[in-house]
1. Name the pairs whose Cβ atoms lie under 6 Å apart, with the first residue in the stretch 67-78 and within 11 Å of the ligand (Cβ to nearest atom) and of a type in the set (Gly, Ala, Ser), the second part of a strand (DSSP E or B) and open to solvent by less than 60 Å² (accessible area, probe 1.4 Å), and 6 or more positions between them or separate chains?
2. Look at PHE207 and say whether it is touching a Phe, Trp or Tyr at 6+ places or on another chain (Cβ under 7 Å) and modelled with pLDDT of 90 or more.
3. For the stretch 89-114, name all the residues that are near the ligand (Cβ under 9 Å from one of its atoms) and either free of Cβ contacts under 8 Å to residues at least 60 places away in the same chain or part of a helix (DSSP H, G or I) (or both).
4. Quickly run through the stretch 147-162 and pick out the residues that are within 15 Å of the ligand (Cβ to nearest atom), under 15 Å from the mean Cα position of the chain (by Cα), open to solvent by 10 Å² or more (accessible area, probe 1.4 Å) and not hydrophobic (A, V, I, L, M, F, W, C).
5. Can you name the residue in the stretch 120-145 that is open to solvent by less than 70 Å² (accessible area, probe 1.4 Å) and out of contact with any helix residue (DSSP H, G or I) (no Cβ under 9 Å at 6 or more places or on another chain) and, of all such residues, is nearest to the ligand (Cβ to nearest atom)?
6. Just one of (1) open to solvent by 50 Å² or more (accessible area, probe 1.4 Å); (2) of a type in the set (Gly, Ala, Ser); (3) at pLDDT below 60 trips up ALA7, so point out which.
7. Looking at VAL117 and the list (1) farther than 18 Å from ALA49 by Cβ; (2) open to solvent by less than 80 Å² (accessible area, probe 1.4 Å); (3) out of contact with any helix residue (DSSP H, G or I) (no Cβ under 9 Å at 6 or more places or on another chain); (4) modelled with pLDDT under 90, which single condition is not satisfied?
8. Exactly one of (1) open to solvent by less than 50 Å² (accessible area, probe 1.4 Å); (2) modelled with pLDDT of 90 or more is unmet by HIS108. Its number?
Amino acid sequence: MSNPPAASNPSAAWQRLRAGNERCCAALTSRADVATERQTPRAAVFRCADSPMASEAVFGQSRGSLVEISNWGHVVDTGVLAGLEYAVGTLRTPVIAVLGHPDCAAMHTALNAWKSVSFPDGAVRAVVEHGISSLTRLNTTIGTADELSAAHVAQTGVTLLHKSPLIAKAVDGGQTAIVCLVSDRNDGRLRVCATFGDVSETASPLFECV
Ligand SMILES: [Zn+2]
């Protein structure tokens, strides 16, 4: 097997991260400012790990203002639930954003497995099963990975409510809300796929799927 390009070999990649950390530390004017902002996050973002954009860039928020939790394909496991429950229960985060994206490799993998009736082995199988679960539960005609992403983020919101009594209670009591979104492949604008709890300025729906 040939060696990877210099830009992607482990040593070069690590040195870039290390240098970036040095630049970041030099740019910080006050660690206390960052710490204070971190204590009052504006939202917890549950994002897909292969999304090319950081949540802070997608939402135009400052560094440290979001609690970011990610895995590949929005698999709602114990670690995800613990992180979101900490954000909602301890940090009093008022919004959970379930963020999907175009050309999601996880959704491509799930859709291909569904169409070929061939499930992969290993850990990736859980991602495929979660994706297909969203496809079948919504009983709709889904032909592309982008369509599956939209269905999957909405179904992920439902799953969070079902698996976490703490989150469900917070949504029911109006302390937090869940907004399920996908970003547009052309201009990056966000499209709301489902909301749970009240995030509107006028109406007060407990549940709305759009
Ligand atoms: Zn993805």
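1. Correct list of pairs: SER70/ARG47.
2. no
3. Hits for the stretch 89-114 are CYS104, ALA105, ALA106, MET107, HIS108.
4. If the condition is that a residue be within 15 Å of the ligand (Cβ to nearest atom), under 15 Å from the mean Cα position of the chain (by Cα), open to solvent by 10 Å² or more (accessible area, probe 1.4 Å) and not hydrophobic (A, V, I, L, M, F, W, C), then GLN155 is the only one that fits.
5. For the stretch 120-145, the residue satisfying everything is ALA126.
6. Every listed condition holds for ALA7 apart from (3).
7. The number of the failed condition is (2).
8. So HIS108 meets the others, but not (1).
The values are calculated or read from the model by the stated rules, or taken from the named source; none is laboratory data. Quick caveat, the model's predicted, so the values are computed rather than measured. FYI the Cβ positions are ideal-geometry reconstructions off the backbone, even for glycines, and counts take in every protein chain you see. Accessible surface areas use protein heavy atoms only, side chains included; no ligands, DNA or RNA. Shrake-Rupley method; radii C 1.70, N 1.55, O 1.52, S 1.80 Å.
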